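Reviewing the structure listed below.
The values are calculated or read from the model by the stated rules, or taken from the named source; none is laboratory data. For clarity, every value in this text was computed on a predicted model and none was experimentally measured. So basically every Cβ, Gly included, is an ideal-geometry build from the backbone, and we count neighbours across all protein chains shown. For the accessible areas, the whole protein counts, side chains as well, though only heavy atoms, and no ligand, DNA or RNA atoms are used. Shrake-Rupley method; radii C 1.70, N 1.55, O 1.52, S 1.80 Å.
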Amino acid sequence: MTKNKKQAGDAVSLVYQCRLPLSTTTVAYVADLLRRHLKAIGSRWRSKPTGRIAVLVLAVLRHDQRAADLAGGNQISATTMRRWCDEVVALLAAKAPRLDRAIRKVARRGGEVVLIDGTLIPTRRRTGRDNRPNFSGKHKRHGLHFLALTDERGRLIWISAARPGRTHDITAARRDHILDHLRAAGLGALADLGFLGLDPDGDDQVVITGYKATRARKLTTGQKTANKVISAARAPVEHGFANLKNWRVRTKLRTNPSRATNLLRALLVLTNLEIAR
């Protein structure tokens, strides 16, 4: 058997075009944000214009395009593409509202309640003892837990920091002191049964949840009706999560979990930009 050390012929790089279903307002906002950042840090040169960088980063976030694939089709290195993504995501995340300011803004607009819910963002399964807290027994998969608030129409106004997937909704709400912020702003909140017991004060209850049936105690007709009314009022919060899930990069996070908070807050800013248009 003879060995042939000659390399095969040059591989042909195939490049395809893909439609980016975003408004020009969103692209212009990201490009302007990056342009002002480069001016602030005194960076005078990039291999691509800021508008082109914005389109590439948004393609990664919207379509979950691999950075190496986009880099190969645009004559840049994969490292450069990843660095641009981290840079733009950090700039967008800095524009995400804080919890207290977001709640006060709703109160100033005349809002009376906010909608609160938790969600699990799937991640890759990593081996080792350190990754065990990321396994959610409820969802039977690895992920990171996020808490989000929306207004009555379902517009996302705030998203929490990433926590291990096994974190319970009520635990996350207590760590973020949501009850204190709501009372300070004079607002109420509608939540599901995962937040049952968050606000035990019956006289001045802020967080309203439904009624939970047990084996020993069945729900009355009035309690069932109240559950239906609360569920109907909470429906817009699911629309808010649906808008966030349009960004396919969060379908299954492949990034380091420590960067997940910035990523989700950046997607919050982009989602509101798309809704506002």
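The table below gives the values:
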{"read-out": "Full-stretch length increase - LEU196, ARG141 - with 0.36 nm per residue and alpha-carbon distance subtracted", "value": "17.4 nm"}
{"read-out": "For the stretch 177-266: relative contact order, % (alpha-carbon pairs under 8 angstrom, 6 or more apart)", "value": "20 percent"}
{"read-out": "Sequence-distant aspartates and glutamates (8 or more away, or on other chains) whose Cα lies within less than 18 Å of LYS95", "value": "ASP32, ASP86, GLU87, GLU274"}
{"read-out": "Relative contact order of the chain, pairs being alpha-carbon contacts under 8 Å that are 6 or more residues apart, as %", "value": "22 percent"}
{"read-out": "Among beta bridges that DSSP assigns inside the chain, antiparallel share in %, nearest 5", "value": "70 percent"}
{"read-out": "Net length gained if the chain between GLU152 and THR221 were fully extended (0.36 nm per residue, minus Cα distance)", "value": "22.2 nm"}
{"read-out": "Of (1) 71, 37, 32; (2) 67, 36, 29; (3) 81, 54, 31, the label for Cα extents along the principal axes in Å derived from the coordinates", "value": "(3)"}
{"read-out": "Apportionment of accessible area to carbon and sulfur, the chain, percent (1.4 Å)", "value": "50 percent"}
{"read-out": "Computed lengthening from ALA78 to LYS212, 0.36 nm per intervening residue step minus Cα-Cα distance", "value": "43.1 nm"}
{"read-out": "Given charges at Cβ of Lys, Arg, Asp, Glu: the stretch 202-277 dipole, positive-most of TRP247, THR209, THR221", "value": "TRP247"}
{"read-out": "Selection from VAL60, ALA189, LEU273 lying farthest towards where the dipole of the chain points positive, charges on Cβ", "value": "VAL60"}
{"read-out": "Structure-based [θ]222 nm, the chain - -39500 (n - 2.57) summed over DSSP H runs of at least 4, per residue, nearest 500", "value": "-14000 deg cm²/dmol"}
{"read-out": "Relative contact order for the stretch 43-175, counting Cα pairs under 8 Å that sit 6 or more residues apart, in percent", "value": "18 percent"}
{"read-out": "Span-like helix ranges in the chain, DSSP H, alpha carbon extent 27 angstrom or more, Kyte mean at least -1.0", "value": "221-244"}
{"read-out": "Separation in nanometres of the label points that stand 7 Å from Cα toward Cβ, at THR25 and ARG109", "value": "1.4 nm"}
{"read-out": "Cα centre as origin, Lys/Arg/Asp/Glu Cβ charges: the chain dipole, Debye", "value": "1260 debye"}
{"read-out": "Of GLY188, GLY197, GLY222, the one that fluctuates the most in a GNM where the chain has Cα springs shorter than 10 Å", "value": "GLY222"}
{"read-out": "At R0 = 30 Å, FRET efficiency that the Cβ-Cβ distance of GLU238 and ARG129 yields, to 0.05", "value": "0.30"}
